[in-house]
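Working notes, structure below.
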């Protein structure tokens, strides 16, 4: 039932790309259909984040609000928010997600991020930096799009070897390797129906030159997320499909984290 509800939500609201509208819809579902929008691992998350100090990359994010799936903002003692620009008054650090040099090592009890890692050309480099600022025994939580419930449904899942290659090449965030694939396999009916080829190319060119890359460089599924976390030697304590459009994975840093 949740998948059918989420499909209706995506068809109605996806073109607006507004997290607040999505949260409003989920609250409506919760009230009318008596369906809990909390994550099924809520109790686990509460024990991991309650009273802790953390860092969010790319926030703030609706899913972490008090009425969201994982209300980390209300559970935690403090959440510093880092973004590439001042998108909200809650952003108190301006920096690139792949360069956290402004933060000292072993600083935070947890690191969280929603819908960011897929936008990075070099996600393993980013994760290496995120884990550096995480204390031993600290928690990392990622929310990523689930390809089967998004406009990436026609694209192949990225291989771990590809991510490792990008890391070894020190791939820059200006990389456009995946642009032809996106142009060919992106499900335009999800958000921009009835577009011609020229209009698609214009949209992608705007994304390329916007200063902040908006395209999904890589496509994740649950198996790839597990491989990435295992690659860094993280202990996975939760992995779930939230509705049909998001995946949530949580890991714990055990001792010295393996380099990417």
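So residue 163 clears everything in (1) free of Cβ contacts under 8 Å to residues at least 40 places away in the same chain; (2) touching a helix residue (DSSP H, G or I) at 6+ places or on another chain (Cβ under 6 Å); (3) assigned to a helix (DSSP H, G or I) except one condition, right? Which one?
(1)
Which number in (1) closer than 19 Å to residue 223 by Cα; (2) without any contact (Cβ under 8 Å) to a residue 40 or more places away in the chain marks the one condition that residue 187 misses?
(1)
Write out, first by first residue and then by second, each pair whose Cβ atoms fall under 6 Å of each other, whose residues are 6+ apart or on separate chains, and whose first residue, in the range 226-255, is surrounded by 16 or more Cβ atoms within 10 Å (Cβ to Cβ) while the second is part of a loop (DSSP other than H, G, I, E, B) and modelled with pLDDT of 95 or more.
251/234
Here's a check for you: in the range 119-156, which residue that is under 14 Å from the mean Cα position of the chain (by Cα) and part of a strand (DSSP E or B) is modelled with the lowest pLDDT?
145
Say we look at the range 166-181 and pick out the residues that are touching a helix residue (DSSP H, G or I) at 6+ places or on another chain (Cβ under 7 Å) and farther than 14 Å from residue 123 by Cα; which of these is surrounded by the fewest Cβ atoms within 10 Å (Cβ to Cβ)?
So, considering only residues that are touching a helix residue (DSSP H, G or I) at 6+ places or on another chain (Cβ under 7 Å) and farther than 14 Å from residue 123 by Cα, the one surrounded by the fewest Cβ atoms within 10 Å (Cβ to Cβ) is 176.
Considering only the range 210-242, state which residues are at pLDDT below 90 and over 15 Å from the mean Cα position of the chain (by Cα).
Within the range 210-242, 210, 211, 212 meet the criteria.
What are the residues in the range 69-97 that are buried (at least 21 other Cβ atoms within 10 Å of the Cβ) and assigned to a strand (DSSP E or B), if any?
If the condition is that a residue be buried (at least 21 other Cβ atoms within 10 Å of the Cβ) and assigned to a strand (DSSP E or B), then 79, 81, 82, 83 are the ones that fit.
Filter the range 39-68 down to residues that are closer than 22 Å to residue 89 by Cα and either under 18 Å from the mean Cα position of the chain (by Cα) or buried (at least 17 other Cβ atoms within 10 Å of the Cβ) (or both), then give me how many there are.
14
Test residue 100 against the criterion of being part of a loop (DSSP other than H, G, I, E, B), assigned by TED's automatic domain parsing to the domain that holds residue 176, modelled with pLDDT of 95 or more and in contact with a strand residue (DSSP E or B) (Cβ under 9 Å, 6 or more places away or on another chain), and give yes or no.
Judged against the criteria, residue 100 is a match.
Restricting to the range 99-121, what's the tally of residues that are surrounded by fewer than 21 Cβ atoms within 10 Å (Cβ to Cβ) and in contact with a helix residue (DSSP H, G or I) (Cβ under 6 Å, 6 or more places away or on another chain)?
Looking only at that region, the number is 1.
The values are calculated or read from the model by the stated rules, or taken from the named source; none is laboratory data. Bear in mind that the values here come from a model prediction, so they are computed numbers and not experimental data. Cβ sites come from the backbone with ideal geometry, for glycine too, and all protein chains shown count toward neighbours.
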